[in-house]
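First comes the structure, then the notes that go with it.
FYI, it's all coordinate maths here, none of it is from the lab. What you see is a predicted model; the values in this text were computed from it and never measured. In this analysis, Cβ positions are derived from the backbone assuming ideal geometry, glycine residues included, and neighbour counts consider all displayed protein chains.
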Amino acid sequence: MPVDVVILAPSGANLLAQRELGEAFNPPLIVRESPDGGTVTFSDMDDALVLTLARAKRVDTLRDVTRVLEPATPIPATCGFWTEGYIPFDAITRGLVVAYALAELTNGVTVVKGLPE
């Protein structure tokens, strides 16, 4: 099972911002959008998957978010978008760094589930 990630933010990161973020890593990450535009993948130069994100979904009310997440989850007051993703177990560290960097880029928070103990 992969590690589940949710980014809650006032806005979603567009593809250009995600590509610029991927290029800022050392070594850089390759950022690709799926042909149907439904997902964006971050992978290393060997094409090993680091993080997969679904298209950001608009949050109409905070109740939509709170009913899914645990009560202790920090939710930004201006949470306008919900972006779900997953990280393969063999890329947990790098995938988490990317997820947290994306959350910071969009002034959001990252919620992580399924980390091995």
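Filtering region 1-20 to residues that are surrounded by fewer than 19 Cβ atoms within 10 Å (Cβ to Cβ) and within 16 Å of N107 (Cα to Cα) leaves P10, S11, N14, A17. Of the residues making up region 89-117, those that are out of contact with any Asp or Glu (no Cβ under 7 Å at 6 or more places or on another chain), assigned to a loop (DSSP other than H, G, I, E, B) and of a type outside the set (V, I, T) are N107, G108, L115, P116, E117.
Scanning region 11-23 for residues that are more than 12 Å from L102 (Cα to Cα) and in contact (Cβ under 8 Å) with a residue 40 or more places away in the chain yields nothing. In region 56-83, the residues that are without any contact (Cβ under 8 Å) to a residue 40 or more places away in the chain and under 27 Å from G37 (Cα atoms) form Cβ pairs under 8 Å with partners that are of a type in the set (V, I, T) and part of a strand (DSSP E or B), at six or more places apart or across chains, as follows: K57/T83. Among the residues of region 81-91, those identified as of a type outside the set (F, W, Y) and buried (at least 18 other Cβ atoms within 10 Å of the Cβ) are T83, G85, I87, A91. For region 22-39, the candidate set comprises residues that are within 14 Å of A56 (Cα to Cα) and surrounded by 13 or more Cβ atoms within 10 Å (Cβ to Cβ); within that set, the residue that is nearest to the chain's Cα centre (by Cα) is T39.
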